[in-house]
Amino acid sequence: MSMPPPPPPPTEEGLSEEDIVAITVFLVLFAVIVIVVVIIVLYMVKIVHHAEVMVIERFGKYRTTLSPGLHFLVPFVDVPRKVHWRYVDAKYGSNETVVKSIATDRIDMREHVIDFGRQNVITKDTVQIEIDALVYFMVADPRLAVFNIQNLPDAIELLTQSTLRNIIAHLSLDDTFSSRERINEELLQAVVRDAERWGVVITRVEVKNILPPRDIKSTMEAQIIAERERRSMVLQADGNRESAIVRSQGDAAKLVLQAEGIRTSVVNRAKGEADAKLLVAKAEAGAVRRLREATAAHGVKASEYLVAIQYLNSLKGLVGEGLRTRAVMLPANALKLDQFDHALQPPNGALRVALDSIQHWQHMLSQGLGSRE
C-alpha cells in the first residue's frame, strides 16, 4: 500500500504553495471584477456638461438625447453615437491656425465658426481671384445633425464654397469688391435653406479676403492712382472756379460800393452846394432887403443902386493890363453921367459915392484911350 506524498514544507512566511496560488487567483479575479465594474460604471454613468448634448442609441437605433446633467444607461445596450467634428486651434500670439478633426460622442451646442481656406473663383468678367469666408453656425437639432449628415463641418464648408462660387460668377470684379454686404446676404439666404435639413442654424456668413491676381492688382492700383489724380485735378479746378467766382463777386461788390460811395458823395456834394446856394440866396435876399430899407429912406430904388454897382464891375473888367493890346469900343453917351445928376442931389450920399467911383474909372479909361492914340 502506497503512502500519500508528504505535504509541502511551509515557507518562511508560514504559507504553503497552495495558499500562494489561491491568493494569486483571488487577487486576479478581484482585479478583473474591479475592472469590469469600472467599465460597467463608465458605460452606465454619463455626465453631460453644460452646452453639450449626447445622442444615445439602443441596439443601433436612436433612443434619446441626453441633456446636461447626470444620466444612467444600460451598459452595453445604450451606446452614445460618435460624430466627426472639426475645429480650428490657434495659439495665442501666433498667426498660424491648425484645423483638428476628432471623433466624439458629445455635440457642442454653442456657436461654431468655420474658416475654410482660400479658393479660386472666376468672376463674370472672367477674372480669377482668391476668396475665403467665415461661417458661423449653431446646432439646433442634434438628432438631425447626427443622422442626416455624415460630417457636418465638411458639409457646411463645401456648401458655402459652392454657393459662393455661384454668387461670384454673376458679379464683375468691381462689383465683387464693392458688394461685400450683398454677397454676404445672398450667401446667407442660399445656405440657410440647405442647412435646415441638417438641424443647423447658420447665423452669419462673412467674406473675409478677396485677393486678385498680381497683374490685376497692379492694374487696379494704377487705376486708383489715376482716379485720385483726376479727383485732385477736379477738386483743384473746382477750387479755382470757386475762387474766381468769389473774387469776381468781391470785385463786383467793390465796384458797387465804390459807385455807391461816389453816388453818396455826389449827392452829398450836390446837397451841400444846394444848401450853400440857399444860404447865399438867403444872404443876398437879406442884403437886398436891408439895401431896400436903407435906400427907401432917401427915395432911391435899390434896383438902380444894384445896376450902378454892376456897371462899375463891368468897367473894371474893361480896364486892366491887357488894355494896351486891345481896343474898347464904347457908345458916345456911355461916359455921360448927367442923366444921374438928379440922383446925386442930397441926401443921396450913397449914390454920390457910386458916382465918384464911376468918374474915377472914367478917368482911367480916358487915359488908356489917349495913350492908345
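The values are calculated or read from the model by the stated rules, or taken from the named source; none is laboratory data. The model shown is predicted, which means the values in this text are computed figures rather than measured ones. A quick note on method: Cβ atoms are made from the backbone with ideal geometry, for glycine too, and the neighbour counts reach across all protein chains shown. Each accessible area value is taken on the protein alone, full model and side chains, heavy atoms only, with ligands, DNA and RNA left out. Shrake-Rupley method; radii C 1.70, N 1.55, O 1.52, S 1.80 Å.
Tell me the per residue accessible area of the stretch 164-285 using a 1.4 Å probe; a whole number in Å² is fine.
73
Going down the table (K46/K82; K124/K217; K100/K217), which pairs top 22 Å between alpha carbons?
Check vs 22 Å cut-off fails for K100/K217.
If you stretched the chain out fully between F59 and A103, how much longer would it get, using 0.36 nm times the residue separation minus the C-alpha to C-alpha distance?
Between F59 and A103, full extension yields 13.8 nm more.
Using the 2.2 N^0.38 Å rule of thumb for compact globular proteins, work out how the stretch 51-203 stacks up: its C-alpha Rg over that value, please.
1.26
What is the calculated FRET efficiency for L211 to Q258, with r their C-beta to C-beta distance and R₀ = 56 Å, to the nearest 0.05?
That pair, L211 with Q258, gives E of 0.30.
Can you pull the accessible area of E293 for me, 1.4 Å probe, Å² to the nearest 10?
Accessible area, nearest 10 Å²: 120 Å².
Take V38, V256 and sort them by solvent-accessible surface of the protein heavy atoms, 1.4 Å probe, largest at the top.
V256, V38
Rounded if a/c is under 1.5, else prolate if a/b beats b/c, else oblate: with a ≥ b ≥ c from the C-alpha gyration tensor eigenvalues square-rooted, which is the stretch 173-264?
Oblate is the answer for the stretch 173-264, as a/c is 1.5 or above yet b/c matches or exceeds a/b.
W198: accessible area at probe 1.4 Å, nearest 10 Å²?
Its accessible surface works out to 30 Å², give or take rounding.
Between S248 and V113, what length comes free when the chain is fully extended (0.36 nm per residue of separation minus the Cα-Cα distance, one decimal in nm)?
Answer, rounded to one decimal: 42.3 nm.
Figure the gain on full extension for L27 and E304 (residue separation times 0.36 nm, minus the Cα-Cα span) and round it to one decimal in nm.
Extra length from L27 to E304 when fully extended: 82.4 nm.
Using a 7 Å offset from the Cα along the Cα-to-Cβ direction at both E196 and M233, what is the distance between the two label points in nm, to one decimal?
Computed distance between label sites E196 and M233 equals 5.5 nm.
Assuming R0 = 30 Å, can you tell me the calculated FRET efficiency for the pair V38 and Y136, based on Cβ-Cβ distance, to the nearest 0.05?
0.15
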